[in-house]
Amino acid sequence: MTGMPARLAIRADGDSRIGFGHMMRCAALAQALLDAGHPLVWLSRTPHAVPASLSARIDVRPFAADGDVADCLARTLRDAGVAGLIGDWQTTDALLCAQLRRAGFWLALIGSHHGDAEADLVIHQGFEPAQGGALTRVCEGREHILLAPGYAGRPPRTIRPQVQRLLISLGGSDTPVLDSVLGALKGLPELEGVRIDIKRATPGADVLPEAGLLNELCAADIGILGAGTTLHEAAATGLAAIALPIAANQRERARQFETFGLGLSLDPAAGSFAEGLRQALRSLLETPARRQAFSRAGEAAVDGRGASRVAARISHLVSATPTQLNPSISRVTAGPAA
């Protein structure tokens, strides 16, 4: 690439209602793009949720559409002097994406549920490549999981013979599943002497913690976790965990987590959930070898450098000439992380 790296924009929100997963992965990518020299603008309905360490280095702007959303967003992007937009919406508007591309903006979408929306790059987040034949460039698979820099280059986890700490975290949004989990574990004799760290969603919380769950994941011996971005973090830290999908869009990630031998998964809506959770937890408490197998599989699968790989891909594509931006198919898939 020649010349100065392109100025790019990120569009993502996060709070206790929708969770912070969109903000977390965008923050990881923003850090990698900054390291690659790209000036950044972050447009958000929740600008206060952008981590302070990032907001000090990028142009964070509140975004509230006044009238037509596409026209307002395009006007904002033009005023900010950006070449492309990286969008991570809770719900992707295919028409909005088409209008932005027709207006001349390069577009990347993060996530795995975009419906009929088309983009110049789709950045799927999951442990395996998505199925389908989208006519666009795609970064997918475990090599492209977006995690903060602290998840890269970690030493192998030490597996303690006796479990000392259990982490329960079901994401940044409030869920009644947490009460079901605590009820299932109440009085479980195998947990005697085990410290239980419970990360509750704080109603009205509007700030993404700088360190996320990194310290808690590293300190725990076992996790009972929501099946969102936290599963990617658990794999990178080698934490043996039980995944609980608390939303429909988390079920596929939980399935992949178990299929790849990274941990266990349970359906919180199942009638046998309480007993299933107790049995799954006992199997991890009583079998250090099983915890170690999950730990090593996670560390091998997710090396924490996905954000740097995606940032490099974006840099290359944005620097391409307009005739190169929209090929038919050019998929970037992933095997085991190197």
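The values are calculated or read from the model by the stated rules, or taken from the named source; none is laboratory data. Remember, it's a predicted structure, so these values are computed and weren't measured experimentally. Glycine gets a Cβ as well: all are built from the backbone with ideal geometry, and neighbour counts include every protein chain shown. Heads up: the accessible areas ignore ligands, DNA and RNA and are worked out on the full protein's heavy atoms, side chains in. Shrake-Rupley method; radii C 1.70, N 1.55, O 1.52, S 1.80 Å.
Find how much the distance from ARG195 to GLN279 grows on full extension, using 0.36 nm per residue of separation minus their present alpha carbon separation; answer in nm with one decimal.
Length gained between ARG195 and GLN279: 28.4 nm.
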ask   = How would you order 143-149, 179-185 from highest to lowest mean count of nearby Cβ atoms within 10 Å?
value = 143-149, 179-185
inquiry  = Charges on Cβ only, +1 for Lys and Arg, -1 for Asp and Glu, centred on the Cα centroid of the chain; of ALA152, ILE58, THR229, which one is farthest towards the dipole's positive end?
reply    = ALA152
message = Taking amide H atoms as placed 1.01 Å from N in the peptide plane, list the residues 5 or more away in sequence, or in a different chain, whose amide H sits under 5 Å from that of ILE145.
response = GLY306
key: Exposure rank, largest accessible area first [ARG313, ARG200; 1.4 Å]   = ARG200, ARG313
inquiry  = About the Cα centre, and with charges only on the beta carbon of Lys, Arg (+1) and Asp, Glu (-1), how big is the dipole of region 1-119? Nearest 20 debye, please.
reply    = 240
ask   = Between ALA103 and ARG57, what FRET efficiency follows from the Cβ-Cβ distance if R0 is 41 Å, with the result rounded to 0.05?
value = 0.90
ask   = How do ARG290, ARG78 rank by accessible surface area computed with a 1.4 Å probe, from largest to smallest?
value = ARG78, ARG290
ask   = Taking the structure as given and computing Cα Rg over 2.2 N^0.38 Å, which label from [x] 1.01; [y] 1.21; [z] 1.09 fits?
value = [x]
query = Given the Cα atoms of region 72-200, and with Rh set as the inverse mean 1/r over their pairs in the Kirkwood sense, what is Rg to Rh to two decimals?
reply = 1.13
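Could you give the dipole magnitude of the chain about its Cα centre, charging the beta-carbon of Lys and Arg +1 and that of Asp and Glu -1, in debye to the nearest 20? If you can, show how the numbers build up before the last one.
Numbers: 33 positive and 33 negative charges, 130 e Å.
Around 620 debye, computed over the chain.
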request  = In whole angstrom, note down how far apart the Cα centers of region 259-306 and region 147-192 are.
outcome  = 11
query = Using only helices, what value at 222 nm comes out for the chain when you add -39,500 (n - 2.57) per DSSP H run of length 4 or more and divide by the total residues, to the nearest 500 deg cm²/dmol?
reply = -10000 deg cm²/dmol
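What number comes out for accessible area per residue over the chain if the probe is 1.4 Å? Units Å², please.
Ligands and nucleic acids excluded, the figure is 43 Å² per residue.
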inquiry  = Considering only protein heavy atoms and a probe of 1.4 Å, how much of the accessible area of region 50-170 is carbon and sulfur, as a whole percent?
reply    = 48
inquiry  = Quick one: 3J(HN,Hα) in Hz for region 224-241, Karplus 6.51/-1.76/1.60 with θ = phi - 60°, rounded, Gly and Pro as x.
reply    = 10, 10, x, 9, x, 4, 4, 5, 5, 5, 4, 4, 5, 8, x, 8, 5, 9
query = In the Gaussian network model of the chain, springs joining C-alpha atoms below 10 Å, which of ALA108, ALA28, ALA248 carries the largest mean-square fluctuation?
reply = ALA248
remark   = The helix 21-35 Cα axis meets the longest alpha-carbon principal axis of the chain at an angle in degrees, between 0 and 90 and rounded to 10, of 60
inquiry  = Suppose accessible area is computed on protein heavy atoms with a 1.4 Å probe; arrange MET23, MET4 from highest to lowest.
reply    = MET4, MET23
query = Can you give the charge dipole size of region 1-46 about its Cα centre, rounded to the nearest 20 debye, using +1 on the beta carbon of Lys and Arg and -1 on the beta carbon of Asp and Glu?
reply = 120
Rounded tilt (10° steps) of 306-318 against the dominant C-alpha axis of the chain = 10
